[in-house]
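The values are calculated or read from the model by the stated rules, or taken from the named source; none is laboratory data. Small disclaimer: the values here were computed from a predicted structure and weren't measured. Cβ atoms come from the backbone with ideal geometry, glycine included; neighbour counts cover every protein chain shown. Surface accessibility is based on the protein's heavy atoms, side chains included, excluding ligands, DNA and RNA. Shrake-Rupley method; radii C 1.70, N 1.55, O 1.52, S 1.80 Å.
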Amino acid sequence: MNITSAQFVKGIVEADEVLEKDIPQIAFIGRSNVGKSSLINSLTKQKDLAKTSSFPGRTRQINIFLISAKGGSQPKADQPPAGAKNSGGNSFYFVDLPGYGFAKGSKDDQEKIQSLIYWYLLDSDYRQKIVVLIIDASIGATENDMQMLYSLKEQNKNIVIVANKVDKIKKSEVKNQLNKIQEVVGNYPIIPFSSQDKIGISELLNEIFK
Ligand code: GTP
Ligand code: MG
């Protein structure tokens, strides 16, 4: 499936009617500064759709993007065979969450952000088609990452793990580092990814839309 358009809908900090619609939600979660917003820009091929920053704690609301996608996973999706399913458009929400584990900022702020993430992913009635858990490939799975994975698993979420910023690892070390992450997270698909070097985009889109 190819993304044909992507637009910002709104940023929310509490229950909102926008999420009541019958549009499948795909959520992106991970440590603050791990590259969630950049990854959404890479997937949608838009530079500034989601706001990014080198300072952790950039995303402070739950930002919702409306994504239109078309076609199957075959290359010539714009010319589907007659009668093919999936030839029409499909709508999805990409949900860009604030990051966890950001140590700076006031305690009050931190707590607000943590409870926003937990509310949307774990306590609310919202269902996600997929939760994309983004781990920094060069750092590996942190305690906070494992806590999040455990909580998502406990609620039977459909989880895909992304090992992000693989461009930061020496080529000769990539395999080793990915194996280490796999050992820690267990039996989940891990997609090596880099927004900087454009690695993993089609693989992640295939996972998300399958
Ligand atoms: P918060 O919203 O603060 O939680 O951060 P985020 O996870 O949305 O991260 P964001 O996309 O804002 O990126 C954080 C920093 O990482 C920025 O300086 C990006 O340029 C950098 N970054 C993002 N993706 C990559 C990548 O693939 N490789 C490298 N080397 N840097 C990246
Ligand atoms: Mg962000």
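Some notes on this structure:
- Here the range 150-170 is the region considered, the condition is being in contact with a Gly (Cβ under 9 Å, 6 or more places away or on another chain) and touching a residue at least 40 places away in the same chain (Cβ under 8 Å), and the residue that is nearest to Tyr126 (Cα to Cα) is Val162.
- Residue list for the range 6-26, restricted to those being part of a strand (DSSP E or B) and either open to solvent by less than 50 Å² (accessible area, probe 1.4 Å) or over 12 Å from Ser91 (Cβ atoms) (or both): Ala6, Phe8, Lys10, Gly11, Ile12, Gln25, Ile26
Let's see how each residue does on (1) near ligand 2 (Cβ under 9 Å from one of its atoms); (2) open to solvent by 90 Å² or more (accessible area, probe 1.4 Å); (3) not in a helix (DSSP H, G or I):
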| site | (1), (2), (3) |
| --- | --- |
| Ile29 | no, no, yes |
| Asn33 | yes, no, yes |
| Ser37 | yes, no, no |
| Lys47 | no, yes, yes |
| Ala50 | yes, no, yes |
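- Subset tally (residues that are at positive phi and out of contact with any Pro (no Cβ under 6 Å at 6 or more places or on another chain)) for the range 186-210: 2
- The range 37-66, subset farther than 17 Å from Ile117 by Cα and of a type in the set (Lys, Arg), residue farthest from ligand 1 (Cβ to nearest atom): Lys45
- Residues in the range 111-136 that are open to solvent by 70 Å² or more (accessible area, probe 1.4 Å) and over 14 Å from Lys157 (Cα atoms): Glu111, Lys112.
- Of the residues making up the range 195-208, just one is crowded, with 19+ Cβ neighbours inside 10 Å and either within 16 Å of ligand 2 (Cβ to nearest atom) or closer than 22 Å to Glu143 by Cα (or both), namely Ser195.
- The listed residues are Ile130, Ile169, Ile113, Ile139, and the only one of them that is within 16 Å of the chain's Cα centre (by Cα) and of a type outside the set (Lys, Arg) turns out to be Ile130.
- Pair list, Cβ under 8 Å, 6 or more apart: the range 172-195 residue at pLDDT below 95, other residue not in a helix (DSSP H, G or I): Tyr188/Ile159; Tyr188/Val160; Tyr188/Ile161; Pro189/Val160; Pro189/Ile161
- Any hit, the range 92-99, residues being out of contact with any helix residue (DSSP H, G or I) (no Cβ under 6 Å at 6 or more places or on another chain) and either more than 14 Å from ligand 1 (Cβ to nearest atom) or free of Cβ contacts under 8 Å to residues at least 12 places away in the same chain (or both): yes
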